[in-house]
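The values are calculated or read from the model by the stated rules, or taken from the named source; none is laboratory data. Owing to the predicted nature of the structure, the values given are computational and were not obtained by experimental measurement. A quick note on method: Cβ atoms are made from the backbone with ideal geometry, for glycine too, and the neighbour counts reach across all protein chains shown. When the accessible area is computed, the model is the full protein with side chains, heavy atoms only, and any ligands, DNA or RNA have been set aside. Shrake-Rupley method; radii C 1.70, N 1.55, O 1.52, S 1.80 Å.
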Amino acid sequence: MKPKVSIITCFYNEQRYLEEAIESVLHQTYTAWQLLLIDDGSSDNSTRIARRYAAAYPLSITYCAHEGHINKGLSASRNLGLRQAQGELIAFLDADDVWQPTYLEAQLNLMQQAQVSILCEATVYWYDWNLPEKENQVVYIGTEQDRIYHPPQLMLTLYPLGKGAAPCMCGIILKKEILLRIGGFEDTFRGMYEDQVFLSKLYLTEPVYISSGHLNLYRQRPDSLVGSSQHTPSYHLVRKQYLQWLKQYLQHKRFGYKEVEALLQQAMQPYTTSPLQFITYRMRGRLKRLLKKYTPSRFVRILK
């Protein structure tokens, strides 16, 4: 019997893209799935779209919303989906992203071949949906591909403590029992960094398989949460919140990962200085990015 996959798709005012995401699930070659459409208090037409699909496919698509149709943020919405999930496996598809038709089939075949419980694959950064002249880019997870990593290896090499690219949520599939064991998502992280908190729990506690496959498309748009938050004060506030959470999590769990603790201390350093020092640190970072973009690399070295 094929294992069932519960797909959690959270949405908040995504009427422009939600239907395309749902259709990409309906066109999967692997058919043992349950799609959970989690409405995080939408006020646009996306609620009607989700309800329409749930009514048309009652055996496979379920519409869910928080009590009172309120907005609780992405972590709480993912946790609501987890509570409703019937599948042995959990996958995530944001409401503005899509999967290629063979995504689920390829993921499950690879999980079985590699005998792993967590699989993260590379992601296609999807530009030509809106900019036909711009070529899509495959972004590989920032470490050696097609192998298993044991705790805490990925914590040391991948963002947000390391420099390597982190997995995208639309390229992750794992056993439900693991999500329950690590306590799901942290409700205090409503948007930014909620995925990094979740991934940090995995990196610190579970073996993870990194795949060079790339059958998921991550829509690139300037008004997205990530696109609109880079290099803003709110980004640094949430990053500081994440680092403080990680410090408490490491202390509570008593992992004893000295290398992780050292990287964390280094990452927290800019946030433990005076406000003037922190502003100087941020301005220095912006100046380095501008110089790297517009001047020869040998001049950038003077700022290091």
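Would it be correct to say that I49 is closer than 13 Å to D94 by Cβ, touching a helix residue (DSSP H, G or I) at 6+ places or on another chain (Cβ under 8 Å) and open to solvent by less than 30 Å² (accessible area, probe 1.4 Å)?
No, not satisfied.
Out of all the residues in region 107-128, is one or more in contact with a Lys or Arg (Cβ under 6 Å, 6 or more places away or on another chain), surrounded by fewer than 20 Cβ atoms within 10 Å (Cβ to Cβ) and polar (S, T, N, Q)?
yes
Considering only residues that are within 30 Å of L246 (Cα to Cα), part of a loop (DSSP other than H, G, I, E, B) and of a type outside the set (G, A, S), which ones fall in region 113-152?
If the condition is that a residue be within 30 Å of L246 (Cα to Cα), part of a loop (DSSP other than H, G, I, E, B) and of a type outside the set (G, A, S), then Q115, V116, Y140, I141, T143, E144, Q145, D146, H150, P151, P152 are the ones that fit.
Tally up the residues in region 153-182 that are open to solvent by less than 50 Å² (accessible area, probe 1.4 Å), assigned to a loop (DSSP other than H, G, I, E, B) and more than 21 Å from A106 (Cα to Cα), please. Even if it seems obvious, please write down each step before you answer.
Start the filter on region 153-182 by keeping residues that are open to solvent by less than 50 Å² (accessible area, probe 1.4 Å), which leaves 154-156, 158, 160-162, 164-174, 176, 178-179, 182.
Now drop any that are not assigned to a loop (DSSP other than H, G, I, E, B), which leaves 160-162, 165-168, 182.
Then keep just the ones that are more than 21 Å from A106 (Cα to Cα); that gives 160-162, 165, 182.
The total comes to 5.
Check region 113-122 and report whether any residue there is among the aliphatic types (A, V, I, L, M) and over 19 Å from the mean Cα position of the chain (by Cα). Walk me through how you get there before you give the answer.
The initial filter retains those residues of region 113-122 that are among the aliphatic types (A, V, I, L, M), namely 114, 116, 118-119, 122.
Still in the running and over 19 Å from the mean Cα position of the chain (by Cα): 114, 116.
Yes.
Can you name every residue in region 1-46 that is surrounded by 18 or more Cβ atoms within 10 Å (Cβ to Cβ), farther than 22 Å from K72 by Cα and among the aromatic types (F, W, Y)?
Once the filter is applied, which keeps residues that are surrounded by 18 or more Cβ atoms within 10 Å (Cβ to Cβ), farther than 22 Å from K72 by Cα and among the aromatic types (F, W, Y), region 1-46 yields only W33.
Check every one of the helices (runs of 4 or more DSSP H) wholly within region 189-304 and list those with 1 or more residues that are at pLDDT 95 or above and surrounded by fewer than 19 Cβ atoms within 10 Å (Cβ to Cβ).
Hits in region 189-304: 194-205, 233-253, 258-268.
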